[in-house]
1. Is at least one residue of the stretch 63-86 in a helix (DSSP H, G or I), within 19 Å of Ile202 (Cβ to Cβ) and open to solvent by 70 Å² or more (accessible area, probe 1.4 Å)?
2. Which members of the stretch 87-101 meet the condition of being within 18 Å of Pro71 (Cα to Cα), of a type in the set (S, T, N, Q) and either surrounded by fewer than 22 Cβ atoms within 10 Å (Cβ to Cβ) or touching a Cys at 6+ places or on another chain (Cβ under 8 Å) (or both)?
3. For the stretch 107-224, list the helices (runs of 4 or more DSSP H) that sit wholly inside it and hold at least 2 residues that are crowded, with 19+ Cβ neighbours inside 10 Å; which are they?
4. Return yes or no: is Tyr116 modelled with pLDDT of 95 or more, among the aromatic types (Phe, Trp, Tyr) and farther than 26 Å from Leu50 by Cα?
5. Just checking, does the stretch 132-142 include any residue being aromatic (Phe, Trp, Tyr), in contact with an Asp or Glu (Cβ under 8 Å, 6 or more places away or on another chain) and in contact (Cβ under 8 Å) with a residue 12 or more places away in the chain?
6. Hey, could you check the stretch 1-32 for residues that are open to solvent by less than 40 Å² (accessible area, probe 1.4 Å) and touching a residue at least 24 places away in the same chain (Cβ under 8 Å) and say which is farthest from Arg95 (Cα to Cα)?
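The values are calculated or read from the model by the stated rules, or taken from the named source; none is laboratory data. As the structure is a prediction and not an experimental result, all values here were calculated from the model. Here Cβ is always computed from backbone atoms with ideal geometry, including for glycine, and neighbour counts include all displayed protein chains. Note: areas computed on protein heavy atoms with side chains; ligands, DNA, RNA excluded. Shrake-Rupley method; radii C 1.70, N 1.55, O 1.52, S 1.80 Å.
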Amino acid sequence: QQFYEQQGDDVRLVRACLHHGIVLYGQQRYGEAFRLLKRAEELADDLNDLALNYELYAVMGDINDNANNYPLTLDYYHRSLRAAEQLGNQEWTVRQLNNLATTFDAMNNTDSLKAYIDRCRPLQDSVQGPIRATMLTNMGSYYLHQNDLDKAKEYLLLSQQTTYLDKTIKLLGDIAALEGKWPQACDYWFQTLQSGDYAIRIDAYRKLIHHYDSLAEYDRMASHLSQRLN
C-alpha cells in the first residue's frame, strides 16, 4: 500500500487498500478496516475500473449486510450488480442478484425477493456451486413464504445436492416443523447452531428452545441449548 502510494499508482493502491481492509475486517479491527475501505471507494470513483468496482462494492455490501444495515447493503449490491452487468460477466451478475434477493428475503419483502429470483432464472444454467445453490435456496424460500411446501422443498433439496448452505438446512428444518416432523426439524436446526450467519443461528436457537419449552423438556433444553447460548 505504501509503495503504490509513493509510486502514484492509484489502480494498484485501491486494490491494496481494499485487500488490506478485508484483512483488518477479518481481524475484527473494524474502525481501521472501514477507513481503508472508504478510502478505496473514494479513489475508485476516479478510475472507472468496472472489475474493481464490482469487487469493492460487493465487499462493502457484505460488510453492511453483516451489520444489518439494509439500505446501505442494497445500495452497494446494486452498484456491484451494475458493474457486473456492464462487464457482461454472468457469474458475477447472478451472484449480486442472489445477494439482493437474500437481503430482501431477510427484510421479509417477498415481492422484491421474487423480482430478483425472476431475473436469476434465465441465467441459472450459467452458474454452479455456491452461487447456484444460493439461487435455488432463495427460490425455495420464496415458495415457503407462499406456503407451497412441496415446491419449496423441491428447490431446497436441489440446493442441498449442489453444496451445503446453512440457510438451506435451516429452511428445511422450518418445513419439517410445518409438516409435524419434529425430530427431523430439530436435527436440521441443530446443524445450523454454529452458523456464521447470526440471524440463522439465533432463529435456530429460538425455534429449538420454543419446541423443547412446549414439550416441557426443560432439562434437555438446558443441557443442549442454554449453556451454548450467549
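1. Scanning the stretch 63-86 turns up at least one residue that is in a helix (DSSP H, G or I), within 19 Å of Ile202 (Cβ to Cβ) and open to solvent by 70 Å² or more (accessible area, probe 1.4 Å).
2. So in the stretch 87-101, the residues within 18 Å of Pro71 (Cα to Cα) come out as 96-101.
So of that shortlist, the ones also of a type in the set (S, T, N, Q) come out as 96, 98-99.
Asn98, the sole residue that qualifies.
3. Values: elements: 110-120, 129-145, 149-162, 166-178, 182-191, 198-214, 218-224.
Counting at least 2 such residues, we get 110-120, 129-145, 149-162, 166-178, 182-191, 198-214.
4. Values: modelled with pLDDT of 95 or more: yes; among the aromatic types (Phe, Trp, Tyr): yes; farther than 26 Å from Leu50 by Cα: no.
Against the criterion (modelled with pLDDT of 95 or more, among the aromatic types (Phe, Trp, Tyr) and farther than 26 Å from Leu50 by Cα), Tyr116 does not qualify.
5. Initial filter on the stretch 132-142 (aromatic (Phe, Trp, Tyr)): 142.
Applying the additional criterion that residues be in contact with an Asp or Glu (Cβ under 8 Å, 6 or more places away or on another chain) yields 142.
Those still in the list that are in contact (Cβ under 8 Å) with a residue 12 or more places away in the chain too: 142.
So far as the stretch 132-142 goes, yes, one or more of its residues are aromatic (Phe, Trp, Tyr), in contact with an Asp or Glu (Cβ under 8 Å, 6 or more places away or on another chain) and in contact (Cβ under 8 Å) with a residue 12 or more places away in the chain.
6. Leu13
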